[in-house]
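The values are calculated or read from the model by the stated rules, or taken from the named source; none is laboratory data. None of these values were measured; they are calculated from a predicted model. Backbone-built Cβ (ideal geometry, glycine too); neighbour counts: all protein chains shown. Heavy atoms of the whole protein, side chains included, go into the accessibility calculation; ligands, DNA and RNA do not. Shrake-Rupley method; radii C 1.70, N 1.55, O 1.52, S 1.80 Å.
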Amino acid sequence: MARLEYRGETISDVHTIKTLLDANAIPYERWALREQVTTDEEVLQLYRPDIERLQRERGYQSADLVALKPTTPNLDGILAKFTKEHHHTDDEVRFTVAGEGVFEIATFHDDFLKFTAEPGDLIVIPAYRRHSFYLTAARAIRCIRLFETSAGWEAIYEKNF
Ligand SMILES: [Fe+2]
């Protein structure tokens, strides 16, 4: 279950989290967790109903699975691309299957909220919204990504968008 930190408060109540994210136009859903399986194809197959619903509702074209763990080659190099504040021209859509990760996302009030995604959490960082991402101490996450197009998946780092 997600945790949200904002203005010195830590919120773990899912309805309060959803309300705060809604107020900042950040879509958030809880998906029912399926049994743990091994291959990427099996995971995508298990979550297919939720993936296809979201594709219909929000126009996403494709989905894949990504995993980061302490033994991932060049983990720090990979993470360095996400920890700097950036945005994308398409939505960044993440469903956490296992592990956890932290998204810091710009609000409508000139500050950032800190959302810790845990298994079962689906979050959409809207296109053009400033954000950063990093792992927790466990340094491991496995998540499904959904894409509008493959072309939009490029980080843009300029501060003054
Ligand atoms: Fe991003």
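The table that follows gives values for the structure above.
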item	result
Loop-located chymotrypsin sites (Phe, Trp or Tyr not before Pro) in the range 1-90 whose Cβ has at most 11 other Cβ within 10 Å (DSSP)	none
For the range 3-152, accessible area per residue (1.4 Å probe, heavy atoms of protein chains only), Å²	49
Semi-axis lengths (Å, descending) of the ellipsoid that matches the C-alpha gyration tensor of the range 9-139	22, 20, 15
Two-site label geometry, Glu35 and His109: point separation in nm, points 7 Å out along Cα→Cβ	4.5
Centroid-to-centroid separation of the range 91-139 and the range 1-69 [C-alpha atoms, Å]	10
Sites matching GluC sites (Glu not before Pro) across the range 92-156 that sit in DSSP coil, with at most 14 neighbouring C-beta atoms within 10 Å	Glu154
All aspartates and glutamates inside 12 Å of Lys114 as judged from Cα atoms, apart from same-chain residues fewer than 8 positions distant	Glu5, Glu9, Glu104
Residue-averaged 222 nm ellipticity for the chain, from DSSP H runs of 4+ at -39500 (n - 2.57), nearest 500	-6500 deg cm²/dmol
Percent RCO, i.e. relative contact order, over the chain, from Cα pairs under 8 Å lying at least 6 residues apart	32
DSSP-assigned coil residues among chymotrypsin sites (Phe, Trp or Tyr not before Pro) in the range 100-147, each with at most 10 further Cβ atoms within 10 Å	Phe108
Accessible surface of the chain [probe 1.4 Å, protein heavy atoms]: carbon and sulfur percent	52
